[in-house]
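Written below as structure tokens is the structure these notes are about.
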Amino acid sequence: MLNRFLPFAALLALATFAWSGSDYYTGLAIKIMIYAIFALSLQLLVGGAGLVSLGHAAFFGIGAYAAALLSPESEAASLWWLLPAALLAAAVYAVVTGALALRTKGVYFIMVTLAFAQMAYYVFHDTKVGGGSDGIYLYFRPELAIAGWMPFDLSKATTFYYFVLACLAFTWGFLALLRRSPFGAALAGIRINEQRMRAAGYSTYPYKLTAYVVGATLASLAGFLFALKDGFVTPELLAWEQSGLVLLMVILGGMASLGGAVLGTVALVLMQELFQSQELFGDYARHWHLPLGIAIIALVALLPNGLAGLPAQWRQRREARLAGVRDAPPSANAKETRAATAARLPIQGEPHV
């Protein structure tokens, strides 16, 4: 019952955090929420269908580039068509690449998705489509107008914060409903035993392709928001390091749950900020990759089920310890006490042993 209320409590905490008054912490919260959407989109593939992709950053970058390339330089674009266009661009690329990549399995699927992501990366890096390696600027955030009336202005920091929070809540709710649907149950069956699902009469390929496209579309939503946040897009958003980063978030938090993806995102982003802090580490902050890598290795080794599985891991250890105490052989003092009790005659009114 408690787990059901945790997402609502977290949503309420994030809603009130916008009034903290600190631009740095508000910006950090926005970054975490955007990457949480990105991690949730990959969790659908990894934890839902058992598809480990190392090219998920391609859809993240396509969503960001679509926002920048389709926005005019002199005025704000309309959110009504800009957001659907960014999502559609990533979905089309996912249909094309997924139709081919899903013909493979295991490590071959990982390598094929990586190859497709690198193809998209070099299209933007080595051509003038998106400004080459220098990237491209987004000068105006899109606006949402209804017959000339704007219900909210995304150019304001607080409004944009709540817009990102609404997108995160939508992503969480959508994936939670998807997991509980027959489609989600079919994905779980494919992850556990695809051959048995085929024997039961399921055509697994359409299910996996649908999950692949849905995950790519949600990843493009995260990329779209990232472009709006920074106002600048570079090809590095499509690099394999970005795919590895989001995969680490899912693994670190726990691949089996949506909450694990969010927890992994929070932990990894905060560790990055911690180890890059010059106030704490001085000149050693330049080598922040080393302590970050050590911390990730330690967490993965100590928490095989991720951060989300930590309560269950503690509970299992406590139950095992209690079971060990109950099953332990009696001590020598206890044996002597029972022998002495059995040897003497019972006094009046005392039951026989």
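The values are calculated or read from the model by the stated rules, or taken from the named source; none is laboratory data. Keep in mind the model is a prediction, meaning the values are calculated, not measured. Don't worry about glycine lacking a Cβ; one is built from the backbone with ideal geometry, like all the others, and counts go over all protein chains shown. Heads up: the accessible areas ignore ligands, DNA and RNA and are worked out on the full protein's heavy atoms, side chains in. Shrake-Rupley method; radii C 1.70, N 1.55, O 1.52, S 1.80 Å.
Among 25-35, 270-280, 124-134, how do they line up by average Cβ neighbours within 10 Å per residue, starting with the highest?
Numbers: 25-35: 19.5, 270-280: 13.3, 124-134: 15.3.
Top of the packing list down: 25-35, 124-134, 270-280.
Tell me, what is the Rg over Rh of region 174-331, with Rh the Kirkwood radius over Cα pairs? Kindly include the intermediate steps, with their values, before the conclusion.
On the way: Rg = 20.8 Å, Rh = 19.2 Å.
Value, to two decimals: 1.09.
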Kirkwood-based Rg/Rh on the Cα set of region 36-181 evaluates to 1.00
Dipole check, region 170-287, charges on Cβ (K,R +1; D,E -1), about Cα centroid: among Leu258, Thr204, Ala216 the Cα furthest to the positive pole belongs to Thr204
In degrees rounded to 10, the 0-90 angle between helix 258-275 Cα long axis and the longest Cα principal axis of the chain is 80
Descending packing, highest mean Cβ count within 10 Å first, for 245-252, 171-178, 65-72 is 245-252, 65-72, 171-178
Taking the alpha-carbon centre of each part, the distance from region 41-84 to region 253-320 in Å is 26
Amide H proximity to Leu51 below 5 Å, modelled H, separation 5+ or other chain, gives Val46
The whole-number value in µm²/s of the Stokes-Einstein translational diffusion coefficient for region 221-311, with Rh from the Kirkwood sum over alpha carbon pairs at 25 °C and 0.890 mPa s, is 171
Expressed in nanometres to one decimal, the distance between label points 7 Å along Cα→Cβ at Ala115 and Ile296 is 2.5
Longest principal axis of the chain (C-alpha) makes with the long axis of helix 310-327 (C-alpha) an angle, in degrees to the nearest 10, of 10
Rounded to the nearest 10, the angle in degrees between the Cα long axis of helix 2-17 and the longest principal axis of the Cα atoms of the chain comes to 40
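How large is the charge dipole for the chain, taken about the Cα centre, if only the Cβ atoms of Lys, Arg (+1) and Asp, Glu (-1) carry charge, to the nearest 20 debye? Working shown, then result.
On the way: 23 positive and 18 negative charges, 353 e Å.
I would put it at about 1700 debye.
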Counting only residues 5 or more apart in sequence or on a different chain, those whose built amide H sits under 5 Å from that of Val129 are none
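Applying a 10 Å radius around every beta-carbon, put 10-18, 233-241 in order of their mean neighbour count, most first. Can you show the working numbers first?
Values: 10-18: 13.7, 233-241: 20.2.
The peptides rank, most packed first, as 233-241, 10-18.
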In whole µm²/s, the translational diffusion coefficient that Stokes-Einstein assigns to region 145-248, given a Kirkwood hydrodynamic radius over C-alpha pairs, 25 °C and 0.890 mPa s, equals 147
Scoring only Lys, Arg, Asp and Glu (+1, +1, -1, -1) among other residues with Cβ under 13 Å from the Cβ of Gly189 yields +4
Over its alpha-carbon atoms, the chain yields an Rg and a Dmax in Å of 26.3, 104
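Ignoring any ligand, DNA or RNA, what whole percent of the accessible area of region 80-135 comes from carbon and sulfur when the probe is 1.4 angstrom?
Values: 2310 of 3110 Å².
Of the solvent-accessible surface of region 80-135, carbon and sulfur hold 74 percent.
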Taking every other residue with Cβ under 11 Å from the Cβ of Val164 and scoring Lys and Arg +1, Asp and Glu -1, one gets +2
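Run the numbers on region 1-96 and let me know its relative contact order in percent, using alpha-carbon pairs under 8 Å that are six or more apart. Could the numbers behind the result be given before it?
Details: 31 pairs, mean separation 17.6, N = 96.
The normalised contact order for region 1-96 reaches 18 percent.
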The answer for the chain, accessible area per residue at 1.4 Å probe in Å², is 55
extent check for region 49-99: Cα max minus min per principal axis, descending, whole Å, gives 43, 16, 16
